[in-house]
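The values are calculated or read from the model by the stated rules, or taken from the named source; none is laboratory data. Since the structure is predicted, the reported quantities are computational estimates derived from the model, not experimental observations. All Cβ positions, glycine included, derive from the backbone under ideal geometry; neighbour counts span all protein chains shown. The accessibility values were calculated without ligands, DNA or RNA, using every heavy atom of the protein model including side chains. Shrake-Rupley method; radii C 1.70, N 1.55, O 1.52, S 1.80 Å.
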Amino acid sequence: MPTSAASALAREVIGPCPRTAAPLSRAESETLLGQVPNWTLSPDGTLLLRAFVLPDFTTAYALVERIAALAEAADHHPDIAFGWGYVRLSLQSHSIGGLHRNDFIMAARIETLPH
Ligand SMILES: C[C@H](O)[C@H](O)[C@H]1CNC2=NC(N)=NC(=O)C2=N1
């Protein structure tokens, strides 16, 4: 179950991310991670990562489809790798080469999906 903090984050609006916006600092990202505890930061702090372990290929693909629909609705898209029994996600705000609050909102929305 998502935490209530994750649910609140999931309801925030994903807004524009100007190229001039500063990426979140590691400290800011670590604070937001508290609201999406299944996610981790890449070592350089520029990516927000999540791995799902699933029973088989069809279940993994079904989750990918749900994530893709959410991403299209939000116009904010994770990189997705999947195969038999796994889905791996990587989020970044490409225009700034790092993390923005939008990435954490998207992560929280993904946590609301059944899996
Ligand atoms: C024009 C369009 O809004 C942008 O290319 C969007 C699309 N989806 C995106 N997804 C992600 N994860 N980061 C982005 O910077 C991004 N930019």
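A few points about this structure:
- A single member of 36, 87 is closer than 20 Å to residue 13 by Cβ, in contact (Cβ under 8 Å) with a residue 12 or more places away in the chain and not in a helix (DSSP H, G or I), and it is 36.
- Annotation note: of 77, 100, the sole residue that is within 14 Å of the chain's Cα centre (by Cα), surrounded by fewer than 18 Cβ atoms within 10 Å (Cβ to Cβ) and either modelled with pLDDT of 95 or more or not hydrophobic (A, V, I, L, M, F, W, C) (or both) is 77.
- Residues that are more than 11 Å from the chain's Cα centre (by Cα) and near the ligand (Cβ under 10 Å from one of its atoms) were ranked within region 80-97; the one that is most open to solvent (accessible area, probe 1.4 Å) is 94.
- Subset of region 39-61 (residues that are in a helix (DSSP H, G or I) and out of contact with any His (no Cβ under 9 Å at 6 or more places or on another chain)): 57, 58, 60, 61
- Output for region 28-65, where each listed residue is more than 16 Å from the ligand (Cβ to nearest atom) and either under 21 Å from residue 96 (Cα atoms) or touching a Pro at 6+ places or on another chain (Cβ under 8 Å) (or both): 28, 30, 31, 33, 40, 43, 44
- Qualifying residue in region 96-110 (condition: closer than 21 Å to residue 58 by Cα and either in contact with a His (Cβ under 8 Å, 6 or more places away or on another chain) or assigned to a loop (DSSP other than H, G, I, E, B) (or both)): no
- First in region 14-29 and charged (D, E, K, R), second anywhere and outside any loop (DSSP other than H, G, I, E, B), Cβ under 8 Å, 6 or more apart: 19/95; 19/96; 26/41
- Neighbours by Cβ (under 7 Å, 6+ apart or cross-chain): first from region 63-77, in a loop (DSSP other than H, G, I, E, B); second more than 9 Å from the ligand (Cβ to nearest atom) and open to solvent by 20 Å² or more (accessible area, probe 1.4 Å): 76/14
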